[in-house]
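Accompanying notes for the structure given below.
The values are calculated or read from the model by the stated rules, or taken from the named source; none is laboratory data. Here the structure is a predicted model, which means the values were calculated and not measured. For neighbour counting, all protein chains shown are included, and Cβ atoms are generated from backbone atoms with ideal geometry for every residue, glycine included.
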């Protein structure tokens, strides 16, 4: 038998949901942060190690491309640049997910990537490096994958995203059904042979 048991964390479907974003608030958010509203907007939450998150790779790509795109960074400070916009630490990520067109993760390593699930629950599809482990529970219709740190693969993914920009209706259909907190605890105890 396998010695490895994967137990996925429960999701907060009350905080993160696809109730419609207020469009005037959305426009105000873009205006206040100097983000071109006509561009396709990609969000990366990076509260931890920017290098591990692959932020350097994304910043380089976004600053060199002529595609009509913007990278919005929430979390630890970075210097804003050509197509890169820093919005600080946010306590309203459930709203920010709705304002952008995609969440993007290019992590060199990502044990799971709960932000990808939060984004989908908010109705916003994701662009993920293939080594993001939350890929395992996200249906193909809600994600575009690229080879980590491969610029050509990223460009292909982003070009596809621009051409097929959309929000997700009924987002729970795009992820593996979440456990309740009680079910999650029971699975952990069973895996540890304590229940």
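Listed here are the residues, each with its yes/no results for (1) surrounded by fewer than 23 Cβ atoms within 10 Å (Cβ to Cβ); (2) within 18 Å of residue 161 (Cα to Cα); (3) at pLDDT 95 or above; (4) over 10 Å from the mean Cα position of the chain (by Cα).
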| site | (1), (2), (3), (4) |
| --- | --- |
| 103 | no, yes, yes, no |
| 119 | no, yes, yes, no |
| 131 | yes, no, no, yes |
| 141 | yes, yes, yes, yes |
Within segment 143-195, the residues that are surrounded by fewer than 14 Cβ atoms within 10 Å (Cβ to Cβ), touching a strand residue (DSSP E or B) at 6+ places or on another chain (Cβ under 9 Å) and within 25 Å of residue 19 (Cα to Cα) are 164, 165
Within segment 129-142, the residues that are touching a helix residue (DSSP H, G or I) at 6+ places or on another chain (Cβ under 7 Å) and either under 13 Å from residue 174 (Cβ atoms) or free of Cβ contacts under 8 Å to residues at least 24 places away in the same chain (or both) are 134, 138, 139, 141, 142
Filter segment 38-51 for residues that are modelled with pLDDT of 95 or more and surrounded by fewer than 20 Cβ atoms within 10 Å (Cβ to Cβ); the one that is nearest to residue 106 (Cα to Cα) is 40
Inspect all residues belonging to segment 62-72 and state whether any of them is under 20 Å from residue 115 (Cβ atoms), in contact with a strand residue (DSSP E or B) (Cβ under 8 Å, 6 or more places away or on another chain) and at pLDDT below 95.
no
Going through segment 61-86 in order, the residues found to be without any contact (Cβ under 8 Å) to a residue 24 or more places away in the chain and assigned to a helix (DSSP H, G or I) are 62, 63, 64
